[in-house]
Amino acid sequence: MQYFLVKTEVEYFSIEDQQNLKISNWTGVKNPQAINNLKKMKLNDLVLFYHTSKERAVVGLTSVHKDYYFQDSDLKYGLVDLLFIEKFPQKIPLSILKQDELLKNTSFIRQPRLSVSTFTKDEFDRILFYK
């Protein structure tokens, strides 16, 4: 099992949208490092859902429903499908996560513009501790 986080602007696609759809295509990733992280995603891996913009908080949990694939003939940018698991009862603010010693060296904290991040099990569990 692997652990990830995906970021989205709440104005364009929110945890509520994910909840309504149940399964969504995670597309539009262009950064090479983020694409490599998408390619690592395998069926049933756990994925934290993060709202950027004004919220800046982890807001829910999804899992990989379909591994990385190409939807059309454009073999440059692929996607994964995510399955809704839960919307957290309270948001986990970035400000809290930045203060955590275990999380301070994660790509999520060190590279704030990276749209897809990876975590160890311990790091992932620490974030879930705050929910």
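The values are calculated or read from the model by the stated rules, or taken from the named source; none is laboratory data. Computed from a prediction, not measured in an experiment: that's the story for all the values here. Every residue, glycine as well, gets a Cβ built from its backbone with ideal geometry; the counts of neighbours run over all protein chains shown.
Looking across the range 41-69 at every residue that is aromatic (Phe, Trp, Tyr) and more than 17 Å from residue 96 (Cβ to Cβ), the one that is farthest from the chain's Cα centre (by Cα) is identified as 69. Among the conditions (1) of a type in the set (A, V, I, L, M, F, W, C); (2) in contact (Cβ under 8 Å) with a residue 40 or more places away in the chain; (3) surrounded by 15 or more Cβ atoms within 10 Å (Cβ to Cβ); (4) not in a strand (DSSP E or B), the only one that residue 1 does not satisfy is (3).
Would you confirm whether any residue within the range 4-14 is of a type in the set (Phe, Trp, Tyr), part of a loop (DSSP other than H, G, I, E, B) and within 23 Å of residue 93 (Cβ to Cβ)? Yes, the range 4-14 contains at least one residue that is of a type in the set (Phe, Trp, Tyr), part of a loop (DSSP other than H, G, I, E, B) and within 23 Å of residue 93 (Cβ to Cβ). If you filter the range 108-131 down to residues that are of a type outside the set (Val, Ile, Thr) and loosely packed, with under 13 Cβ neighbours inside 10 Å, you find that the one that is nearest to residue 88 (Cα to Cα) is 129.
Given the conditions (1) surrounded by fewer than 18 Cβ atoms within 10 Å (Cβ to Cβ); (2) modelled with pLDDT of 95 or more; (3) aliphatic (A, V, I, L, M), report the number of the one that residue 75 does not fulfil. Only one criterion is unmet by residue 75, namely (2).
Within the range 43-62, one or more residues are under 24 Å from residue 125 (Cα atoms), at pLDDT 95 or above, loosely packed, with under 13 Cβ neighbours inside 10 Å and not aliphatic (A, V, I, L, M).
Checked against the criterion of being within 18 Å of residue 2 (Cα to Cα) and assigned to a strand (DSSP E or B), the range 96-112 has no qualifying residue.
It is to be established whether one or more residues within the range 18-30 are touching a helix residue (DSSP H, G or I) at 6+ places or on another chain (Cβ under 8 Å), of a type in the set (S, T, N, Q) and buried (at least 18 other Cβ atoms within 10 Å of the Cβ).
Within the range 18-30, one or more residues are touching a helix residue (DSSP H, G or I) at 6+ places or on another chain (Cβ under 8 Å), of a type in the set (S, T, N, Q) and buried (at least 18 other Cβ atoms within 10 Å of the Cβ).
Say whether the condition of being among the small types (Gly, Ala, Ser) and part of a loop (DSSP other than H, G, I, E, B) is met by at least one residue in the range 19-32. The answer is yes, given that some residue of the range 19-32 is among the small types (Gly, Ala, Ser) and part of a loop (DSSP other than H, G, I, E, B). Contact map, the range 54-65: residues that are more than 19 Å from residue 43 (Cβ to Cβ) and touching a residue at least 60 places away in the same chain (Cβ under 8 Å) paired with residues that are of a type in the set (Lys, Arg) and part of a strand (DSSP E or B), Cβ distance under 8 Å, separation 6+ or inter-chain. Pairs shown: 58/91.
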